Amino acid sequence: MIDSHCHLDLLASHKNLEKVLDSAKSAGLTRIMAPSIHPESWRALHKISDQYHHMLPIDCALGLHPYFLNSSDCLSSDKALSHQLSELESAAQDCHPSVKAIGETGVDGHIDIPITLQQKVFHAHLTLAERMSLPVIVHHRKSHHLLLESFKQSHYQGSGVIHAFSGSVEVAKGYLERGFYLGIGGTITYERAKKTRNTLAYLLEHHVDRLLLETDAPDMPMCGRQGEPNEPRYLTDVVDVISEIYSVKRSEVIATTTTNYLRLFGIED
Ligand SMILES: [Zn+2]
């Protein structure tokens, strides 16, 4: 069972990572993707990946998350922005062995950062991902139309995952047609998530080869676990819900999503 989206560096400020990874392993996790959010996070995750590799393989992605564009100085001037982007490029080219993707990047329609700036940064991530032949890990909130527009405008031919996908079947199709994978997480553990559950039914029937599992820990608590930091071990809740609602074997969900993950991120089993 692989958690395709877990912010281990953020989790480390709430929890003892060794314990987190130990219980993740006991719960059946075999691998974790840790996307980064800003330059300090790139360095922190390289360290975490080295330090805990003996417990679980930890893959990393390099990116500038839209939430943190404020703190990473990109807003102050064009020069500061291009400096950040060229730092990202050299970090990616340094290519720590754990780097398997570019991200977390994307566009968020709900934050106080100008959309044009977010799109510019997103575009730079897409260009870098294509140049490095790495997939992208994409964040969205009220921004599906903007993301699809960016893919078109930048003629992006690469692949990637839309993380924490909770949209309709129609929206899902727009990404699937582009060869994207969809990350499904804690949202589906809530009964009210009818739209996402409906999309998941479609995915299981028609595009099961594009399904990834994720926790987005320490965020996005599973149903019944609100109020505590989310952890990779709770990925079992997502698997249980899928297995229950759609009458698929747990082992089948785990095997399929593991194969999908390894294929997308180009990792040999
Ligand atoms: Zn994230």
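The values are calculated or read from the model by the stated rules, or taken from the named source; none is laboratory data. All values derive from a computational prediction rather than experimental measurement. Neighbour counts run over all protein chains shown; Cβ positions are idealised from the backbone, glycine included. Note: accessible area is taken over every heavy atom of the protein model, side chains too, but ligands, DNA and RNA are not part of it. Shrake-Rupley method; radii C 1.70, N 1.55, O 1.52, S 1.80 Å.
Accessible area per residue of the range 2-264 at 1.4 Å probe, in Å²?
Details: 11280 Å² over 263 residues.
Result: 43 Å² of accessible area for each residue.
Would you mind telling me the share, in percent, of accessible area of the range 8-144 contributed by carbon and sulfur at probe 1.4 angstrom?
51
Give the long-range amide H neighbours of Gly160: residues separated by 5 or more places, or on another chain, with amide H under 5 Å away, using H modelled in the peptide plane at 1.01 Å from N.
Under 5 Å from the amide H of Gly160 lie the amide H atoms of Val136, Tyr181, each far enough along the sequence or on another chain.
Using the charge dipole of the range 2-264 (Lys, Arg: +1 at Cβ; Asp, Glu: -1 at Cβ; taken about the Cα centre), state which of His7, Pro35, Leu200 has its Cα farthest towards the positive end.
The residue sitting farthest along the positive end of the dipole is Leu200.
Whole-Hz Karplus ³J(HN,Hα) for the range 24-33, in order, using 6.51 cos²θ - 1.76 cosθ + 1.60 and θ = phi - 60°, x for Gly and Pro?
Values per residue, Gly and Pro as x: 4, 4, 4, 6, x, 6, 10, 5, 9, 9 Hz.
Determine the distance separating the Cα centre of the range 94-134 from the Cα centre of the range 161-191; give it in Å without decimals.
That distance is 19 Å.
Can you list the residues, at least 5 places off or on another chain, whose amide H is less than 5 Å from the amide H of Asn230, using H built in the peptide plane?
Asp219
Given an 8 Å cut-off on Cα distances and at least 6 residues of separation, report the relative contact order of the chain as a percent. Mind showing how you got there, number by number?
Values: 494 pairs, mean separation 53.1, N = 269.
Computed value for the chain: 20 percent relative contact order.
Run the accessible area of the range 155-269 with a 1.4 Å probe and give the carbon-and-sulfur part as a rounded percent. Spell out each step's value before the answer.
Details: 2380 of 5140 Å².
Using a 1.4 Å probe with all protein chains present, the range 155-269 comes out at 46 percent carbon and sulfur.
Rounding to the nearest 20 debye, state how big the charge dipole of the chain is about its Cα centre with +1 on each Lys and Arg Cβ and -1 on each Asp and Glu Cβ.
Details: 25 positive and 33 negative charges, 92 e Å.
My answer is approximately 440 debye.
At 0.36 nm per residue, and after removing the present C-alpha to C-alpha distance, how many nm does the segment from Asp112 to Asp78 gain when stretched out fully?
Numbers: separation 34, 0.36 × 34 = 12.24 nm, distance 1.80 nm.
The span from Asp112 to Asp78 would gain 10.4 nm if fully extended.
Of all trypsin sites (Lys or Arg not before Pro) in the range 175-225, which ones are in loop regions per DSSP and have a Cβ with at most 10 other Cβ atoms within 10 Å?
Passing both the DSSP loop test and the Cβ count: Arg192.
What is the magnitude of the charge dipole of the range 69-218 about its Cα centre, with +1 placed on the Cβ of each Lys and Arg, -1 on the Cβ of each Asp and Glu, and no other charges, expressed in debye to the nearest 20? Mind dumping the intermediate values first?
Working: 14 positive and 17 negative charges, 93 e Å.
For the range 69-218, the charge dipole is close to 440 debye.
Under a plain spin-label model, where a point goes 7 Å from the Cα along Cα-to-Cβ, how far apart in nm are Glu87 and Glu18?
Here the modelled spin labels are 3.1 nm apart.
In terms of Cα to Cα distance under 24 Å, which lysines are near enough to Lys195, apart from those fewer than 8 places away along the same chain?
Answer for Lys195, where 24 Å is the Cα cut-off: Lys142, Lys173, Lys249, listed by chain and number.
Using +1 at the Cβ of each Lys and Arg and -1 at the Cβ of each Asp and Glu in the chain, identify which of Tyr52, His83, Tyr181 lies farthest towards the dipole's positive end.
Sorting the options by dipole projection puts first Tyr181.
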